[in-house]
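Below: the structure, in structure tokens.
The values are calculated or read from the model by the stated rules, or taken from the named source; none is laboratory data. Just so it is clear, the structure is predicted and the values come from calculations on it, not from any experiment. Because the Cβ atoms are built from the backbone with ideal geometry, glycine has one as well, and the counts that use them run over all protein chains shown. What goes into the accessible areas is simple: the full protein's heavy atoms, side chains included, and nothing from ligands, DNA or RNA. Shrake-Rupley method; radii C 1.70, N 1.55, O 1.52, S 1.80 Å.
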Amino acid sequence: MSTHLKPHLSFWQILSMNFGFFGIQYSFGLQQANMSPIYKYLGADEASLPLLWLAGPMTGLLVQPIIGAMSDRTISKWGRRTPYFMVGAILCSICLLFMPYSPTLWFAASLLWILDAANNVTMEPYRAYVSDRLNTNQHSLGFLTQSAFTGLAQTLAYLTPSLLFWFGLNKDAVNDSNIPHITVIAFLIGSVLSFTTVWWSVHSTPELPLTNQEREAILAKPTGIRATLAEIVEAVREMPQAMRQLWWMKLFQWYGMMCYWIYIVPSLARAVFDTSDASSQGFRDAGLLNGQIGGFYNFVAFIAAFSLIPLTKRFGPKIVHTVCLTLAGVGMWFLPTLQDKALLFIPMVGIGLAWASIMGNPYIMLARSIPPERAGVYMGIFNMFIVLPMIVQMLTLPLYYDSLLGSDPRHVIQLAGCFLCIAAALTLRVKTND
């Protein structure tokens, strides 16, 4: 978009335009909390779990930059980004509907490929939409509001099975695929939210119409997949220095976060319930416990996202992000040593602060360093900086899970803590325009 002054949006308008992020992130929360248990229920072994999670990063690697570049070039009566929001949301809803009925391991893994592709089709234009719609002085509020909705949505996604249990549903009742009924219901709720929240954002806060100059600039660009790929290659070549420096931080940040998400339930099962048997009551209880502590850290993220806004304005996103990652790293290191369920909530405070910062502050640093007319393609490339570390993690961790980590998921969680601390140190190297 051009740099002309855009309408100043109120706090409530910014909340409304980002409400679709609630549905998107509820879907991601369901995946984070439930895919490893679902894979285990369907017969997967622990060492192969990272490979089964490969769907998300692989689809993101392909979809994010292409969709971002395409949305930069799109002209339609609905806007540049809106068509991608809606198509992605519909596909996501369908996949969430069928996921808990997966009859086999390969079926669940295949469905996750489609689900993650749909989420990515929605996500990247959504990031660019915020950059399009808001003036620079409102970017902090816009992106940290997305972070707040991430925290709130994932809090509910993690807690939904426990809430259903507290409301009287049987936590040990399972369907023909050995998947608990409370997990099935959680995915059905996610299916509804994925579409309705995105629809509300599109309805309440439509995109700004293109100016004649913007329209002419888009029409002057070559079209087709070859032109789109050429645009991505050119954008990578001309990538701003700050964005290149952010890559190294994100490599360790996302490697660590994937270690945590994939192995937290097996780690809790070992540390608190002394079991690795996916068919045992202890393993199902570990899944519920992860929902509770995961819901708590996401609630911390929801509250922290708003609290971080004045801190980010005062100290800059770089310093705030460094502190938050460090607190999470220390918390993850000590997490597997705790057997008392109540004590598990202490390290979740640091993880929640980091999650709030992860979903907001790197995008603030990025938005200040990229040309606005290329917001879509650079947001897509920037999110490759998420999926590439995930792919590296999923391909490398099985190689040393047995030899270096002793086939113990608790050691993976401690490794995640070390990597987040390294990411914190690398954040300090980023040269930003604070």
Which members of the stretch 230-253 meet the condition of being touching a residue at least 24 places away in the same chain (Cβ under 8 Å) and either among the aliphatic types (A, V, I, L, M) or open to solvent by less than 10 Å² (accessible area, probe 1.4 Å) (or both)?
232, 235, 236, 239, 242, 243, 246, 249, 250, 251, 253
Quick check on the stretch 205-216: of everything there that is surrounded by 14 or more Cβ atoms within 10 Å (Cβ to Cβ) and out of contact with any Leu (no Cβ under 9 Å at 6 or more places or on another chain), which residue is nearest to residue 78 (Cα to Cα)?
207
Sort through 61, 111, 97, 91 and tell me the only one that's modelled with pLDDT under 75 and either within 20 Å of residue 186 (Cα to Cα) or open to solvent by 10 Å² or more (accessible area, probe 1.4 Å) (or both).
61
For the stretch 339-351, state whether one or more residues are of a type in the set (A, V, I, L, M, F, W, C), over 23 Å from residue 418 (Cβ atoms) and in a loop (DSSP other than H, G, I, E, B).
yes
In the set 394, 390, 379, which member is crowded, with 21+ Cβ neighbours inside 10 Å and either among the basic types (Lys, Arg) or touching a Lys or Arg at 6+ places or on another chain (Cβ under 6 Å) (or both)?
379
Go over the candidates 315, 299, 345, 306 one by one and state the one that is surrounded by fewer than 23 Cβ atoms within 10 Å (Cβ to Cβ) and touching a Phe, Trp or Tyr at 6+ places or on another chain (Cβ under 7 Å).
345
From the residues in the stretch 64-88 that are polar (S, T, N, Q) and assigned to a helix (DSSP H, G or I), which one is modelled with the highest pLDDT?
82
Only one of 177, 194 is among the hydroxyl-bearing types (Ser, Thr, Tyr) and open to solvent by less than 10 Å² (accessible area, probe 1.4 Å). Can you tell me which?
194
Counted residues, the stretch 265-296 - those being open to solvent by 50 Å² or more (accessible area, probe 1.4 Å), of a type in the set (S, T, N, Q) and outside any helix (DSSP H, G or I):
2
Counted residues in the stretch 348-376 being of a type in the set (A, V, I, L, M, F, W, C), open to solvent by less than 30 Å² (accessible area, probe 1.4 Å) and more than 30 Å from residue 214 (Cβ to Cβ) come to 6
Per the filter on the stretch 180-191, residues hydrophobic (A, V, I, L, M, F, W, C) and open to solvent by less than 20 Å² (accessible area, probe 1.4 Å) are 182, 184, 186, 187
Can you confirm whether the stretch 18-40 contains a residue that is assigned to a helix (DSSP H, G or I), under 23 Å from residue 385 (Cβ atoms), touching a Pro at 6+ places or on another chain (Cβ under 6 Å) and touching a residue at least 12 places away in the same chain (Cβ under 8 Å)?
no
